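Read through the structure below, which is laid out as structure tokens, and then see the notes.
Derivation of every value follows stated rules applied to the coordinates shown; laboratory data play no part. Only a predicted model underlies this, so the values are computations on that prediction, with no experimental measurement involved. No Cβ is skipped: glycine too gets one built from the backbone with ideal geometry, and neighbour counts run over all protein chains shown.
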Amino acid sequence: MTKIQLTGRGTVAYQWTGNGPRTVVLVNGSVFNYFQWDKVLPLLRHRLGKQYRFLRYDYVGVGGSSAKTVPFNMLDLADELRDLLDALSVERVHLLGISKGSLVGQAFLFRHPERALSFCGVGNPNLLYHDLNKTFAVFRERVEELEKMEELWPQRIHRRNYARVFREVYVPALFSKRYTELSMKERLRAFVVRQIVYSSLKGTFIRTMADLFRYYIDGIIQEIPAFADGLSRIHGVPILLLHGNKDTTIPIEMSRGLVKKLSGAELVEFEGVTHMGPLLLKKESELVFGRYVDFLKQVDKGK
């Protein structure tokens, strides 16, 4: 794992894959580290060939990066990415973001339009959505559970504390009931998911989880004016939005509204695809990111 110091921010962990002349930045969702892309990266490399290199990185407070010391803000996260690109002497990039990574990508488009060659978002939050508060209200229960384990907040996710965090915070989100209420079959499913997801959560500070979920509840609405103004000013950048109709985390209606706000953007909907499925399930991954590969080839063909 390679790390770099960003002035005023902290240490950022990142990884290069490939050495082609064109750069694709993979922007993580939620509090997941860059290993979130492990199952997708081989597909992208195989189908895009040697013309691309891929940059993965951990937000400050996540994975292998240092602790976060400032409040969450999507505009700031877009600037964090800009600072990382500056430090790595990378000028213009293609952006591929999932979930929260889509929000960061959207902010990057209007904060630093000269740096974006294209943008693709998967499972896209839309801050201009009419029912935004209801969508993010589900994080209130997660914050309440995290507050019960406040003594763990200074710690990073590791094997000794992970089971507790997963059971108390993520099981209710995945199964709509507490771990003690799960059937034996559901507990087995939860165990399998827990094992699969661990590598993508490892290293993230538990305080970062609490701070992000609090931001979704109380802070995110403060950024609505910036997004309302910024999204309307995006022109000339190829944009593709991808969304599964079985996404229970981010309603597909968010992408349907967002595509109307982004000049020239295209939305592709996928039957039966979930929110995290494209990153975890081969069938969903090939379907969703295969479409991204076609988009990116077409973008670079037109240049």
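Please give the length that would be gained between Thr11 and Lys282 if that part of the chain were fully extended, namely 0.36 nm times their separation in residues minus their C-alpha to C-alpha distance (nm, one decimal).
94.3 nm
Restricting to DSSP H runs of at least four residues, report the calculated mean residue ellipticity at 222 nm for the chain, -39500 (n - 2.57) per run over all residues, nearest 500 deg cm²/dmol.
Mean residue ellipticity, 222 nm, calculated: -12500 deg cm²/dmol.
Once the Cα atoms of the stretch 209-264 are picked out, what are the Rg and Dmax in Å?
13.5, 37
Per residue Cα convex hull volume for the stretch 135-215, in cubic angstrom?
Here the figure is 93 Å³ per residue.
Let me know the shape class of the stretch 215-303, please: from the alpha-carbon gyration tensor, a ≥ b ≥ c as square roots of the eigenvalues, rounded when a/c is under 1.5, otherwise prolate if a/b is greater than b/c, or oblate.
Because a/c hits 1.5 or more and a/b fails to exceed b/c, the stretch 215-303 counts as oblate.
In sequence order, what are the phi-derived ³J(HN,Hα) couplings for the stretch 54-63 according to the Karplus relation 6.51 cos²θ - 1.76 cosθ + 1.60 with θ = phi - 60°, rounded to whole Hz, with x for glycine and proline?
Once rounded to whole Hz, the list reads 10, 10, 10, 8, 9, 3, 4, x, 10, x.
Among His130, Ile196, Met74, flag the residue with its Cα farthest along the positive direction of the charge dipole of the stretch 56-203, charges on Cβ as +1 for Lys/Arg and -1 for Asp/Glu.
In the stretch 56-203, that residue is Ile196.
Rounded, prolate or oblate, given the Cα gyration tensor of the stretch 103-171, with a/c below 1.5 counting as rounded?
Note, shape of the stretch 103-171 comes out prolate.
Considering Cα pairs under 8 angstrom that are at least six residues apart, work out the relative contact order of the stretch 78-121 and quote it in whole percent.
47
Calculate one ³J(HN,Hα) per residue across the stretch 145-154 by plugging θ = phi - 60° into the Karplus curve 6.51 cos²θ - 1.76 cosθ + 1.60, and present them in order as whole Hz with x for glycine and proline.
My calculation for the stretch 145-154 gives 5, 5, 5, 6, 10, 4, 5, 8, 4, x Hz in order.
In Å, the Kirkwood hydrodynamic radius of the stretch 55-125 over pairs of distinct alpha carbons?
12.4
Taking a virtual spin label 7 Å from the Cα of Ser232 along the C-beta vector, which residues in the stretch 249-266 bring their backbone nitrogen under 18 Å of it?
257-265
With an 8 Å Cα cut-off and a minimum separation of 6 or more residues, compute the relative contact order for the chain in percent.
21
Residue by residue through the stretch 189-203, which ³J(HN,Hα) values in whole Hz follow from phi under the Karplus form 6.51 cos²θ - 1.76 cosθ + 1.60 (θ = phi - 60°), with glycine and proline marked x?
Couplings: 4, 4, 5, 4, 4, 4, 5, 5, 7, 3, 4, 7, 9, 4, x Hz.
If the chain between Arg47 and Asp218 were fully stretched, how many nm would it gain, using 0.36 nm times the residue separation less the Cα-Cα distance?
57.4 nm
Considering the Cα trace of the stretch 1-86, what is its radius of gyration and what is Dmax, both in angstroms?
Final numbers for Rg and Dmax: 13.2, 39 Å.
If amide H atoms are built 1.01 Å from N in the plane of the peptide, which residues on other chains or at least 5 residues away come under 5 Å of the amide H of Leu117?
Val93, His94, Leu95
Would you mind computing the Rg to Rh ratio of the chain from its alpha-carbon coordinates, Kirkwood style for Rh?
A ratio of 0.94.
What order do you get for 101-109, 168-176 when each peptide is scored by the mean count of other beta carbon atoms within 10 Å, highest first?
Averaged packing, sorted descending, gives the order 101-109, 168-176.
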